[in-house]
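The structure under discussion appears below in the form of structure tokens.
The values are calculated or read from the model by the stated rules, or taken from the named source; none is laboratory data. All figures in this text were calculated on a predicted structure; none of them were measured in a lab. Positions of Cβ are generated from backbone atoms using ideal geometry, with glycine treated the same way; all protein chains shown enter the neighbour counts. Note: accessible area is taken over every heavy atom of the protein model, side chains too, but ligands, DNA and RNA are not part of it. Shrake-Rupley method; radii C 1.70, N 1.55, O 1.52, S 1.80 Å.
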Amino acid sequence: MARFIFVTGGVVSSLGKGLLSASLGALLQARGFKVRIRKFDPYLNVDPGTMSPYQHGEVYVTDDGAESDLDLGHYERFTGVSARQSDNITTGRIYRDIIARERRGDYLGATVQVIPHVTNAIKEFALADTDDVDFVICEIGGTVGDIESLPFVEAIRQLRNDLGRDNTVSVHTTLVPWIKAAGELKTKPTQHSVRELSSLGVSPDVLLCRTEKVIPNSEREKIALFCNVSKSAVVQALDARSIYDVPLQYHSEGLDEEVLRAFRIEDAPEPKLERWHDIMDRLDNYEGEVTIGVVGKYVGLPDAYKSLSEALVHGGLANRSKVHIRWLDAELFEHEDASLAAELEPLHGILVPGGFGERGSEGKIAAVRIAREREIPFFGICLGMQMACIEGARAAGIEQASSTEFGPTPEPVIGLITEWMGSEGLQERAADGDLGGTMRLGAYDAELGHNSRAASIYGSTSISERHRHRYEVNTHYVPALEKDGLVFSGMSPDGRLPEIIERPDHPWFVGVQFHPELKSRPFNPHPLFASFIHASLQQSRLV
Ligand code: GLN
């Protein structure tokens with residue numbers, strides 16, 4: 001049976017519970033254990049798919065088509081274990097399922113209540129599909145004490161009784177703030193937070209204390225005394241210089257050892273951390289540097305492009321190079337061609353990422369044109385590929401080329417996908433259908449042209465990548481676009497949906513309908529990002 005680790009957070013939000021869970025997963029994995037990491041989100045949305053990236057950061061898409069929390073991206077990047085639909089749940093989904101069951105009559109005769117019905121649903125979710133792993137790490141979103149996270153903490157309390165103390169461990173993350181005026185670290189917020197959690201029936205076994213300064217022995221003793229844990233279970237977490245240093249740092253502070261001790265596991269092998277040391281060596285001792293311009297809409301919040309910025313870093317790791325990202329707000333350049341060109345020209349690569357809606361689209365199309373004309377390496381992802389097709393169509397004389405996503409157009413180079421083959425058969429969508437959970441989502445295969453750049457980058461002509469889109473290139477326009485020099489080098493296996501475009505007459509110009517950034521890992525950089533950064537390094541020698 002799997003053992004369960006429950007990760008909660010106190011004092012403030014944004015303490016990095018996602019990175020903690022991912023790092024703990026990586027450390028247990030490095031000791032030879034099999035892990036799964038799960039995220040419990042207390043909000044009422046069924047999934048984050050319809051939330052603004054400004055609210056929630058990026059929506060991470062799994063192979064099996066879940067639109068999920070961005071922390072699942074950290075889990076995958078740190079452990080290499082592909083997340084599944086069953087690894088993220090929200091209060092909204094739990095209530096939706098319970099209410100559907102109630103309407104069906106499944107609870108006939110019963111009053112449906114938070115305890116036991118909601119807590120049972122949370123427990124079922126935690127326990128489902130865990131037979132093949134040694135540890136399940138369950139991260140509870142939000143902060144202990146929030147009204148909305150109460151049912152989750154209650155479910156943990158019950159699970160600790162159901163499964164037994166030796167099979168469950170509670171790790172609580174807190175903040176130990178530095179008060180400058182007093183010149184002191186303060187432990188009181190941690191004490192209050194642990195008291196709050198304990199009052200709900202969950203006493204933590206390990207405390208991870210985020211802090212700006214080293215926690216002195218005396219303060220550690222104080223935390224241990226008031227929070228009822230051993231001194232060694234007060235693990236300090238100083239700010240890290242890179243997220244990829246976090247597993248190494250937490251290991252040297254004893255996190256994995258303390259968690260294993262709490263489980264009374266004494267014979268665990270020492271962790272093999274070579275791959276993490278190798279990543280840090282590549283980050284610290286880089287041999288080249290490039291600056292990539294990302295022309296997007298949500299550039300004010302780096303979390304909105306989390307996987308993308310990590311995949312760029314991974315592309316750098318593959319080339320032993322440091323990647324600087326210049327975030328450019330596409331909207332500011334809608335009518336400012338000259339200033340956009342001045343911004344982009346000194347850069348070594350231009351990337352137009354995924355996105356939704358018309359705002360900023362003319363700025364993105366202008367960025368594609370500048371990249372094409374000035375022969376700057378260009379990478380278009382999802383909406384970015386669609387913008388590259390619109391730009392190509394306009395260059396081919398179809399001046400009114402646009403996407404039906406932006407409103408009615410006489411030249412719909414990009415249009416709504418109305419049907420496609422999914423693993424469950426033909427999928428159909430109407431223009432006025434629901435927006436939540438109805439895109440072409442998750443992993444789909446594509447076939448690549450034998451002599452294409454794409455095939456040589458992948459080293460294969462059959463690939464599988466993750467998708468999240470509602471619109472597609474209208475194949476009616478393919479001949480006109482090909483005449484202008486675009487090559488459709490990747491198609492869905494039935495030949496109906498364009499998946500990759502490229503320009504053979506350009507140093508590096510690739511657009512993809514899918515999201516390669518979601519599958520890139522630091523120890524296994526995605527080939528498209530590795531190749532894009534390689535081309536950008538060559539460009540850096542020219543400018
Ligand atoms: N808005 C576009 C579509 O739905 C692109 C989506 C994306 O970039 N993820 O097709």
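Sort out which residues of the range 460-485 are closer than 14 Å to Leu416 by Cβ and away from the ligand (no atom under 16 Å from the Cβ), and write them in order of number.
His476
For the range 422-482, list the strands (runs of 3 or more DSSP E) that sit wholly inside it and hold at least 1 residues that are at pLDDT 85 or above; which are they?
The qualifying strands (runs of 3 or more DSSP E) are 440-448, 462-469, 471-473.
Quick check on the range 161-174. Is at least one of its residues of a type in the set (Gly, Ala, Ser), touching a residue at least 40 places away in the same chain (Cβ under 8 Å) and buried (at least 21 other Cβ atoms within 10 Å of the Cβ)?
yes
So which of Ile365, Ile350 is away from the ligand (no atom under 12 Å from the Cβ), surrounded by 14 or more Cβ atoms within 10 Å (Cβ to Cβ) and in a helix (DSSP H, G or I)?
None of the others qualify; the one that does is Ile365.
Could you check the range 1-93 for helices (runs of 4 or more DSSP H) lying wholly inside it with 3 or more residues that are in contact (Cβ under 8 Å) with a residue 60 or more places away in the chain, under 14 Å from Leu518 (Cβ atoms) and not β-branched (Val, Ile, Thr)? It would help to see each step written out before you state the result.
Values: elements: 17-30, 53-56, 71-79.
The qualifying helices (runs of 4 or more DSSP H) are 71-79.
Being open to solvent by 30 Å² or more (accessible area, probe 1.4 Å) and within 16 Å of the ligand (Cβ to nearest atom) is the filter here; which residues of the range 486-502 pass it?
If the condition is that a residue be open to solvent by 30 Å² or more (accessible area, probe 1.4 Å) and within 16 Å of the ligand (Cβ to nearest atom), then Arg496 is the only one that fits.
Pairs needed: first member in the range 209-225, without any contact (Cβ under 8 Å) to a residue 24 or more places away in the chain; second member anywhere, open to solvent by 70 Å² or more (accessible area, probe 1.4 Å) and not acidic (Asp, Glu); C-beta distance under 7 Å; at least 6 residues apart or different chains.
Correct list of pairs: Arg220/Lys231; Glu221/Lys231; Ala224/Lys231.
How many residues are more than 11 Å from the ligand (Cβ to nearest atom) and within 18 Å of Ile325 (Cα to Cα) if we restrict to the range 353-362?
So the answer is 0.
Could you list, in sequence order, all residues of the range 266-280 that are surrounded by 13 or more Cβ atoms within 10 Å (Cβ to Cβ) and at pLDDT 95 or above?
The answer is Pro271, Leu273, Arg275, Trp276, Asp278, Ile279, Met280.
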